[in-house]
Amino acid sequence: MPATLALLLLGIGYYRPELLAGTRSALADSMARPLYWLTSFPSRAGRWADEMFSSHQELIERNHALEHENLILQRKVLQMAALMAENARLKELLNSTEMLEDSALVAELLGVSPDPRRQEMLVHRGRADGAFEGQPVLDAFGLVGSIVELSEHTARVLLITDTTNAVPVQVSRSGVRGIAEGSGRLDELYIRNLVPTTDIKQGDLVVSSGLGGRYPPGYPVGEVVRIEYDGADPFLRVVVRPSAQLDRSQQLLLVFRAEAQLPAPAPTPATPAPAETDSDAAEP
Amino acid sequence: MLLNPDRYWWLIPGSLLAAFLFQFWPLPQPLRAVAPDAIVLVTLYWTLRKPQLVSSGWAFVIGVLRDGIEASPLGMHALALVVVSYLVQLFYQRLRMFTVWQQALAVAGLCELYLLLGDWVHLLDPRSGTEPVLFLPALVTGLCWLPLSLLLRQLEEGSLRTPVRN
């Protein structure tokens with residue numbers, strides 16, 4: 001009897017997944033959230049202890065270090081603003097289109113999928129916070145993945161290293177385009193189908209190209225660590241190490257893409273972005 | 001067998017909760033691939049101990065909860081757990097006669113069946129990966145049967161013995 005029930009559930013889930021969406025989302029909110037909250041206890045306790053027991057002296061030192069870092073980042077932002085203004089002017093000269101500015105929302109990591117076949121994370125933002133399916137997710141170092149499933153207060157992020165995920169990318173040095181496929185391991189992505197004469201080298205930075213419209217263009221995806229070519233194969237196999245810290249990041253950024261606008265009049269250089277957290281100034 | 005069930009009623013939900021916590025505990029990836037399946041282990045233990053109490057209906061509920069938390073296709077773990085616990089219910093008298101090592105072997109086999117069933121259902125999922133099912137977790141689960149069954153038995157008898165002494 002229960003077996004029939006289970007088969008029935010599977011059948012409904014397969015043919016009419018929308019009928020079970022409510023149940024799934026309710027289960028995620030009522031069961032998964034508290035459970036993952038409990039299992040993340042050690043890391044939270046660690047952070048709490050860190051905050052409670054760090055001495056005054058340490059806090060001052062950290063404050064100083066952060067101030068220094070802030071200064072350096074500020075300088076970079078200024079430089080960025082100038083570059084962006086220049087970029088906008090050049091684009092205007094070329095009669096090229098929009099200047100996009102993405103905004104982002106910080107999301108806390110809740111848990112990681114225990115299934116070794118799947119590379120997924122659960123984050124503490126959901127439909128109630130404005131997250132949507134297919135939304136790209138970053139951390140402070142690069143592209144992490146995109147949201148595949150949502151409930152009211154949680155979202156499931158499919159990592160770029162999942163075997164079912166692929167990101168359209170571009171080598172930032174030469175502009176060569178390709179598709180980075182997940183390998184099922186946290187530290188590798190593969191770019192296949194590049195001919196051996198392609199201009200790609202070890203150490204090249206690979207950024208998202210924005211083709212396909214799922215991921216925003218220009219965010220770092222990874223670094224080329226190895227190029228495999230065995231002569232018999234017509235294509236190279238390029239191994240890329242993701243730049244995002246997929247196994248370490250506690251805080252992730254959900255990116256809201258700006259609507260494509262008409263070319264803005266050259267923005268004044270020093271105006272900071274109006275967004276809550278600007279993705280360019282994300283802290284490491 | 002059930003002398004005073006309300007003395008240790010907490011053991012079943014308690015051990016299940018512990019199993020769920022263990023299952024979703026953040027582990028490094030290489031460890032994760034060989035981690036025992038605690039939920040199957042605990043469910044099988046209670047099915048073997050109390051087949052009248054922990055029926056396949058409960059296995060279904062546990063499986064659906066796990067599906068909901070893991071975001072696997074709803075019914076995947078439920079089906080596998082129901083089948084495995086039904087097998088235990090069929091053969092529980094024989095299984096109880098086994099030595100603990102033989103039981104461990106049987107549990108490893110059942111866990112393998114569980115993984116295979118899960119993998120088979122997983123193939124229906126449009127975004128399923130293509131990695132082969134792993135045999136190591138089943139083996140590790142079988143090995144973990146030894147300490148777990150001893151521990152739970154100890155706890156159970158400990159909480160059973162108290163009323164006798166009084």
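Key figures for this structure:
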{"quantity": "Candidates A:Gly178, A:Gly13, A:Gly130, ranked by Gaussian network fluctuation over chain A, Cα under 10 Å, top entry", "calculated": "A:Gly13"}
{"quantity": "Estimated D of segment A:1-49 in µm² per second, where Rh is the Kirkwood radius over Cα pairs and Stokes-Einstein applies at 25 °C, 0.890 mPa s", "calculated": "187 µm²/s"}
{"quantity": "Average beta-carbon neighbours from other chains, 10 Å sphere, peptide A:156-165", "calculated": "2"}
{"quantity": "Candidates A:Ala155, A:Ala45, A:Ala244: whichever shows maximal mean-square fluctuation once chain A is modelled as a Gaussian network with Cα springs under 10 Å", "calculated": "A:Ala45"}
{"quantity": "Estimated vicinal HN-Hα couplings, Hz - segment A:26-36 in sequence order (Karplus 6.51, -1.76, 1.60; Gly, Pro = x)", "calculated": "5, 5, 4, 6, 8, 9, 5, 5, x, 5, 5"}
{"quantity": "Counted charge near A:Gly203, where neighbours are those whose Cβ lies closer than 10 Å (Asp, Glu -1; Lys, Arg +1)", "calculated": "0"}
{"quantity": "Average accessible surface area per residue within segment A:21-99, 1.4 Å rolling probe, Å²", "calculated": "75 Å²"}
{"quantity": "Enclosed volume per residue, in Å³, of the convex hull spanned by Cα atoms of segment A:168-239", "calculated": "88 Å³"}
{"quantity": "Fraction of accessible area attributable to carbon and sulfur, chain A (%, probe 1.4 Å)", "calculated": "58 percent"}
{"quantity": "GNM flexibility winner over chain A from A:Leu159, A:Leu236, A:Leu122 (Cα, springs under 10 Å)", "calculated": "A:Leu236"}
{"quantity": "Interchain or long-range residues, amide H under 5 Å from A:Ala180's placed H", "calculated": "A:Val167, A:Val169"}
{"quantity": "Where Rh is the Kirkwood radius over Cα pairs, Rg/Rh for the protein assembly as shown", "calculated": "1.05"}
{"quantity": "Average other protein chain Cβ within 10 Å of Cβ, residues A:103-115", "calculated": "3"}
{"quantity": "Signed unit charges on C-beta, dipole axis of the protein assembly as shown, positive-most listed residue B:Ala38, B:Ala59, A:Pro34", "calculated": "B:Ala59"}
{"quantity": "Partner chain coverage, peptide B:76-82 - average Cβ within 10 angstrom", "calculated": "5"}
{"quantity": "Hydrodynamic radius by Kirkwood, which averages 1/r over all alpha carbon pairs of segment A:103-260, in angstrom", "calculated": "15.8 Å"}
{"quantity": "Overall form of segment A:21-99 per C-alpha gyration tensor (a/c, 1.5; a/b vs b/c)", "calculated": "oblate"}
{"quantity": "Dipole magnitude of segment A:103-260 about its Cα centre (Cβ charges: Lys, Arg +1; Asp, Glu -1), debye to nearest 20", "calculated": "200 debye"}
{"quantity": "For segment B:1-112: relative contact order, % (alpha-carbon pairs under 8 angstrom, 6 or more apart)", "calculated": "22 percent"}
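The values are calculated or read from the model by the stated rules, or taken from the named source; none is laboratory data. Nothing here was measured: the structure is a model prediction, and the numbers come from that model. Cβ sites come from the backbone with ideal geometry, for glycine too, and all protein chains shown count toward neighbours. Surface areas here come from the heavy atoms of the whole protein model, side chains and all, with no ligands, DNA or RNA. Shrake-Rupley method; radii C 1.70, N 1.55, O 1.52, S 1.80 Å.
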